[in-house]
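Encoded as C-alpha cells, the structure appears first; notes follow it.
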Amino acid sequence: MTDTRKAVLHRMVLADHICPFGVRAKQILQSEGFEVEDHILRTREEVDAFKAERGLATKNGRASGREKVD
C-alpha cells in the first residue's frame with residue numbers, strides 16, 4: 001500500500017490573466033503523482049491579501065508545510 005503524496009497549491013487565475021507558473025506547477029505535481037489541493041485566487045484583492053498574509057513580495061514561490069522554500 002502506498003501513501004498518496006499531497007500538495008497544496010495557491011495560484012492566480014484572474015479574468016484577464018492566468019499565471020503560467022501556477023499552471024505549470026500543477027502539471028508537474030500531478031505528473032509526479034501528487035494529489036493537488038488547488039486554491040484559485042480569482043481577484044486582485046485575493047492575490048494581494050494572500051501576499052500580505054504571508055509577507056511575500058511576489059506571488060511566485062514554493063512552500064514546504066507552512067514555510068516558504070526558496
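Below is a table of values for the structure above.
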item	result
Residues of the stretch 1-36 satisfying the condition of being among the charged types (D, E, K, R), outside any loop (DSSP other than H, G, I, E, B) and closer than 21 Å to residue 51 by Cβ	11, 24, 26
Filter result (part of a strand (DSSP E or B) and either modelled with pLDDT of 95 or more or under 20 Å from residue 4 (Cα atoms) (or both)) within the stretch 37-70	37, 38, 39, 40, 41, 62, 63, 64
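The values are calculated or read from the model by the stated rules, or taken from the named source; none is laboratory data. Note that the structure is a prediction, hence the values are computed from the model and not measured. Methodologically, a virtual Cβ is constructed for each residue, glycine included, from the backbone with ideal geometry; neighbour enumeration extends over all protein chains shown.
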